[in-house]
1. Can you give the helix-only mean residue ellipticity at 222 nm for the chain, where every DSSP H stretch with n ≥ 4 adds -39500 (n - 2.57) and the sum goes over all residues, rounded to the nearest 500 deg cm²/dmol?
2. With both bridge residues required to lie in segment 2-98, what share of the DSSP beta bridges run antiparallel, to the nearest 5%?
3. Can you tell which of GLY24, GLY13, GLY60 shows the greatest fluctuation in a Gaussian network model of the chain with Cα springs below 10 Å?
4. Identify, among LEU19, VAL78, ALA4, the residue whose Cα sits farthest towards the positive end of the charge dipole of segment 2-98, taking +1 on the Cβ of Lys and Arg and -1 on the Cβ of Asp and Glu, with the dipole about the Cα centre.
5. Place a +1 charge on the Cβ of each Lys and Arg in the chain and a -1 charge on the Cβ of each Asp and Glu, then give the dipole magnitude about the Cα centre in debye, rounded to the nearest 20.
6. Fewest first, what order do THR85, THR5 take by the number of other Cβ atoms within 10 Å?
7. When only alpha-carbon atoms count, how far does the chain stretch along each of its three principal axes, as whole angstroms with the largest first?
8. For Cα pairs less than 8 Å apart in space and 6+ apart in sequence, what is the mean separation divided by the residue count of segment 2-98, i.e. the relative contact order in percent?
Amino acid sequence: MIEATVQAMSAQGKLLAWLGPAIGPQAFEVGAEVRAAFIARDARAEQAFIPAKLADKWLGDIYAIARQRLDSVGVSQVYGGEFCTYSDSERFFSFRRDQVTGRMASLIWLE
């Protein structure tokens, strides 16, 4: 999605990115098939995963993966990426944490 968005904007080399709130690397637990899919897309993604406590589960850093993908399409000014929606229940909705739906929004604009 990141690569397609940058390409569609036709602004490569002129973009900066801000990574908004997302599940953090201590809480984003995925199965081996999800990890494999990320690594198949970009081998550098392997660096963004560490083994979880459960067998065949991994903790993934989606902020690191986003930075890698942005870098691959020439976006080097990347900010944000320090909030965890799962662990910060005072500020953020998390379906994984609460099993209740909610809404969040993302924005993109051109100047």
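Values quoted throughout were computed directly from the atomic coordinates according to the rules given, and no laboratory measurement underlies them. As the structure is a computational prediction, the values presented were derived from the model and not from experiment. Cβ atoms come from the backbone with ideal geometry, glycine included; neighbour counts cover every protein chain shown.
1. Calculated at 222 nm, the ellipticity per residue is -8000 deg cm²/dmol.
2. Numbers: 6 of 11 bridges.
Of all bridge pairs located within segment 2-98, approximately 55 percent are antiparallel.
3. Looking only at GLY24, GLY13, GLY60, the biggest GNM fluctuation is shown by GLY13.
4. In segment 2-98, that residue is ALA4.
5. Working: 12 positive and 13 negative charges, 16 e Å.
Charge dipole, the chain, about its Cα centre: 80 debye, nearest 20.
6. On the way: THR85 22, THR5 13.
Ranked by crowding around the Cβ, least crowded first: THR5, THR85.
7. Here the spans come out as 43, 33, 19 Å, largest first.
8. Relative contact order for segment 2-98 comes out at 40 percent.
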